[in-house]
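Trainee: Let me begin by handing over the structure; questions about it come next.
The values are calculated or read from the model by the stated rules, or taken from the named source; none is laboratory data. Just so it is clear, the structure is predicted and the values come from calculations on it, not from any experiment. Note: ideal-geometry Cβ built from the backbone for every residue, glycine included; neighbour counts use all protein chains shown.
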Amino acid sequence: MKVESQIEITPTSVVLNGQAIAVEATGEKMLVELYRRFVGDYPKFFKMDTLSRLGFIAAELLLKHSGASEHSDKSCQPTAVILANRSASIKNDRDYLATISEGNYYPSPSLFVYTLPNIVTGEIAIRHHIQGETAFYILEKPEDLEPILLSTFNFKLSTALAGWCECSEPNSFYAKMQLIIWNN
Amino acid sequence: MEQLIEQLKAQIIEALSFEDMTPADIDTDAPLFGEGLGLDSIDALELIMLLDREYGIKLADPKAGKAIFASVRTMAEYISTHRTK
């Protein structure tokens, strides 16, 4: 299992393959800044919850701006999206709960559709036309994902987008995603 | 009516998270679904919630939605005759 490229995003920094990408904004506004600079043609981004925006931007930078496809002798188009985090979709769950609080019963359909963490894997798969497996695990820490990748997906996949995608509070998130190639 | 149309456009932009869009960007008579704004089924639910929340209108007949949500103008016309708040 080889890591072809990697991205790490915090509320104040973006590091793609060891190179920092300068950003002006922080927190959720930084994700919007990254969208405007590197994407710009996918308005559905603005309807996503923060967890999906985080995963979407990480995947976008990893797959379209890392240069991985230029120097690899294998196809770097992933066939699977395998993500994990510790808090599921709790930030959006709270936002949705606020729309059904007492005296304000107007449950938001657009928030409801993001009350599952695996929606982010679907958003990425749709955007990048990935038609293989998608999976989202709830784990204690990022390191817990690697044994799953080795035990469950080894010899079954050629290339996958995998990693950690966590957002527990407004403006508090962390993503560490990798483009992984199996040398089967 | 024109004032209601402008107010409705602003409410649609907020409800559907159309960042960077202003009321002037929305054609009053353009189709809301398919062409025009290109809204989807979740957006339709948001518009139904908007009618209830802002104007006290509960759509009892889902079949009526197609005509009501044809454009911003048809929405505004429906609101002006059915609003309870």
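Trainee: Kindly establish whether B:A70 is among the small types (G, A, S) and either within 29 Å of A:V32 (Cα to Cα) or in a helix (DSSP H, G or I) (or both).
Mentor: Values: among the small types (G, A, S): yes; either within 29 Å of A:V32 (Cα to Cα) or in a helix (DSSP H, G or I) (or both): no.
Against the criterion (among the small types (G, A, S) and either within 29 Å of A:V32 (Cα to Cα) or in a helix (DSSP H, G or I) (or both)), B:A70 does not qualify.
Trainee: Pairs under 8 Å by beta carbon, first residue more than 22 Å from A:E166 (Cα to Cα) in segment A:97-121, partner part of a loop (DSSP other than H, G, I, E, B) and among the aliphatic types (A, V, I, L, M), six or more apart or different chains?
Mentor: Every condition considered, the pairs that remain are A:Y106/A:I100; A:P107/A:I100.
Trainee: Answer with yes or no whether A:E60 is outside any strand (DSSP E or B), out of contact with any His (no Cβ under 7 Å at 6 or more places or on another chain), more than 14 Å from chain B (Cβ to nearest Cβ) and at pLDDT below 90.
Mentor: So A:E60 does not fit the description; no.
Trainee: So in segment A:135-160, with the set limited to residues that are in a strand (DSSP E or B) and modelled with pLDDT of 95 or more, which one is surrounded by the fewest Cβ atoms within 10 Å (Cβ to Cβ)?
Mentor: The initial filter retains those residues of segment A:135-160 that are in a strand (DSSP E or B), namely A:135-138, A:159-160.
From what is left, the residues that are modelled with pLDDT of 95 or more are A:135-138.
Values: A:A135: 17, A:F136: 20, A:Y137: 15, A:I138: 12.
The selected residue is A:I138.
Trainee: Could you tell me which of the residues A:A80, A:A88 is hydrophobic (A, V, I, L, M, F, W, C), on the phi < 0 side of the Ramachandran plot, crowded, with 17+ Cβ neighbours inside 10 Å and touching a strand residue (DSSP E or B) at 6+ places or on another chain (Cβ under 6 Å)?
Mentor: On the way: A:A88 fails: on the phi < 0 side of the Ramachandran plot.
After applying the criteria, what remains is A:A80.
Trainee: From the list B:D43, B:D52, B:D27, which residue is away from chain A (no Cβ under 14 Å) and either part of a helix (DSSP H, G or I) or modelled with pLDDT under 95 (or both)?
Mentor: Answer to the check: B:D27.
Trainee: If only one of B:T84, B:T28 is among the polar types (S, T, N, Q), touching a residue at least 40 places away in the same chain (Cβ under 8 Å) and over 24 Å from A:E28 (Cβ atoms), which one is it?
Mentor: Only one candidate qualifies: B:T28.
Trainee: Restrict the check to segment A:40-47 and report whether at least one residue is closer than 30 Å to A:F112 by Cβ and at pLDDT 95 or above.
Mentor: No, segment A:40-47 contains no residue that is closer than 30 Å to A:F112 by Cβ and at pLDDT 95 or above.
Trainee: Does B:E19 satisfy the criteria of being within 24 Å of A:G103 (Cα to Cα), among the acidic types (D, E) and within 14 Å of chain A (Cβ to nearest Cβ)?
Mentor: no
Trainee: Give just the number: which of (1) under 28 Å from A:L150 (Cβ atoms); (2) touching a His at 6+ places or on another chain (Cβ under 8 Å) does A:N17 not satisfy?
Mentor: Against the list (1) under 28 Å from A:L150 (Cβ atoms); (2) touching a His at 6+ places or on another chain (Cβ under 8 Å), A:N17 comes up short only on (2).
Trainee: Scan (1) of a type outside the set (D, E, K, R); (2) touching a Gly at 6+ places or on another chain (Cβ under 6 Å); (3) within 14 Å of chain A (Cβ to nearest Cβ) for the single condition B:T84 breaks and write down its number.
Mentor: Among (1) of a type outside the set (D, E, K, R); (2) touching a Gly at 6+ places or on another chain (Cβ under 6 Å); (3) within 14 Å of chain A (Cβ to nearest Cβ), the lone unmet condition for B:T84 is (3).
Trainee: It is to be established whether one or more residues within segment B:19-27 are touching a Gly at 6+ places or on another chain (Cβ under 9 Å), more than 23 Å from A:V113 (Cβ to Cβ) and among the hydroxyl-bearing types (S, T, Y).
Mentor: From segment B:19-27, those touching a Gly at 6+ places or on another chain (Cβ under 9 Å) are B:26-27; that's our starting set.
Now restrict to residues that are more than 23 Å from A:V113 (Cβ to Cβ): B:26-27.
With among the hydroxyl-bearing types (S, T, Y) added as a condition, the list becomes none.
No: segment B:19-27 contains no residue that is touching a Gly at 6+ places or on another chain (Cβ under 9 Å), more than 23 Å from A:V113 (Cβ to Cβ) and among the hydroxyl-bearing types (S, T, Y).
Trainee: Hey, can you tell me all the residues within segment A:108-120 that are part of a helix (DSSP H, G or I) and touching an Asp or Glu at 6+ places or on another chain (Cβ under 9 Å)?
Mentor: Residues of segment A:108-120 part of a helix (DSSP H, G or I): A:109-112, A:119-120.
Of everything in segment A:108-120, those that are part of a helix (DSSP H, G or I) and touching an Asp or Glu at 6+ places or on another chain (Cβ under 9 Å) turn out to be A:P109, A:S110, A:L111, A:I119, A:V120.
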